[in-house]
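Rule-based calculations on the coordinates, nothing more; no lab input. Just so it is clear, the model here is predicted, and its values are computed rather than measured. Please note: Cβ atoms are built from the backbone with ideal geometry, for glycine as well, and neighbour counts cover all protein chains shown.
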Amino acid sequence: MRKSPITLAAAALLPWGTLLGCGDKPAPAAPEVRPVRSTIVQAADATTGATYAGQVLARYESKLGFQTSGRVVARLVEVGSRVKRGQPLMRLDPAQETLHLSAADAQVSGAQSRVDELRIDIARTEQLLARQFASQAELDRQRTALAEAQSQLDSARAQREIRSNQRGYTELRADRDGIVTAIHAEAGQVVSPGQTVVVVAADGEREVLISVPESRVHELREAKALQVSIWARPGQRYGGSLRELAPDADSVTRTYSARVSVKDPDAALMLGMTASVHAADAGRTQAIQLPLSAIHNRDGQPLVWVVRDHKVSARPVTLARATQDGVLVAGGLVDGEEVVTAGAHLLHEGQAVAPAAAPAVAHAGAAAVRAPAKTEGAKP
């Protein structure tokens with residue numbers, strides 16, 4: 001029987017298919033091993049420090065008001081004006097106080113006339129009594145009336161002095177050298193006694209007002225050294241000392257108000273500036289220092305890669321604060337664990353790594369790192 005050409009072609013390809021089917025399967029790819037730098041962590045004493053934002057204020061600030069009521073007729077200063085002690089700031093209409101003073105003068109004159117009249121009567125009665133033309137009772141009555149009139153005269157004089165002072169109170173004067181920081185009344189406005197109309201910040205001492213959380217009050221009180229800096233001049237530093245700490249917390253913010261005196265303030269430290277108070281030795285605790293490259297974030301949670309059996313796993317950590325050399329880790333790690341310090345952004349969970357054979361120790365003073373080891377097949 002004669003075979004067809006298709007049958008002959010299939011028979012010719014059969015040996016090749018058999019050979020291909022009997023060949024070895026390709027070997028699976030070896031897992032990628034990444035070289036990393038790592039360190040053995042160890043906690044040590046560290047100071048986390050604390051920084052508080054605040055505002056520059058004057059040590060002494062006067063809230064001035066008139067001692068009498070009236071209508072403001074003149075405002076003699078502006079906000080920002082520099083004033084000297086005794087300089088006029090505002091004036092009230094003196095018409096009413098002038099009338100009160102005139103009335104007091106009239107009362108003094110009337111009381112003085114009454115006293116003079118009674119003295120004349122007593123002198124006349126004494127002469128008549130010597131001639132037996134008047135009685136001793138009449139003389140005693142006149143002397144009693146004179147004492148009463150003298151008391152009325154003294155009262156009238158005191159009232160006149162009060163009215164004279166009230167007349168002087170129509171002019172408000174600065175009680176110290178300083179700068180006007182606020183004005184709360186304008187010409188034409190009627191003010192009452194004691195109402196604050198001008199605020200004057202005294203020259204000289206400056207301080208920073210800060211708010212302290214409940215958890216940091218003790219640390220601030222125990223801080224041995226404070227430093228003050230201002231936002232406008234970040235390189236300028238001033239010494240500070242805690243002058244005042246509120247005994248109770250604010251009912252709204254639940255923070256404690258504190259005032260830090262600034263040592264040797266200069267002209268650059270202007271009122272109202274934003275300032276920061278740093279307590280470098282506050283918050284002493286056990287912490288681990290790591291380089292910043294060891295920290296990566298996932299959904300806002302700081303993590304580190306912990307090496308175990310040449311594989312990495314992510315570990316959430318609690319950060320205390322940043323330092324010039326890295327960050328301080330307050331929780332999440334145990335002494336003796338090995339942590340990746342470089343190349344963390346290239347790793348994934350369960351990644352095989354090749355750290356150095358002899359890891360160095362990291363602690364709160366300085367974090368040592370080790371160089372990556374060469375892996376088999378890796379290029380030098």
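Remarks
- Computed about its Cα centre, the charge dipole of segment 242-349 is approximately 100 debye, with only Lys, Arg, Asp and Glu carrying charge at their Cβ.
- Subtracting the Cα-Cα distance of residue 98 and residue 225 from their residue separation scaled by 0.36 nm leaves 40.0 nm.
- Pairwise alpha-carbon distances in segment 95-168 exceed 20 Å for 46% of all pairs.
- Sites residue 143 and residue 87, calculated FRET efficiency, Cβ-Cβ separation with R0 51 Å, nearest 0.05: 0.45
- A Förster radius of 22 Å, combined with the Cβ-Cβ distance separating residue 218 from residue 274, puts the computed FRET efficiency at roughly 0.25.
- Given their separation in residues at 0.36 nm each and the Cα-Cα distance between them, residue 189 and residue 124 gain 17.6 nm when the chain is fully extended.
- On the basis of the beta-carbon distance and an R0 of 45 Å, residue 60 and residue 321 show a calculated FRET efficiency of 0.80.
- Computed lengthening from residue 233 to residue 335, 0.36 nm per intervening residue step minus Cα-Cα distance: 32.6 nm
- Only the Cβ atoms of Lys and Arg (+1) and of Asp and Glu (-1) were treated as charged; on that basis the dipole of segment 105-228 about its Cα centre amounts to roughly 320 debye.
- Among 207, 97, 171, the order by Cβ neighbours within 10 angstrom, fewest to most, reads 171, 97, 207.
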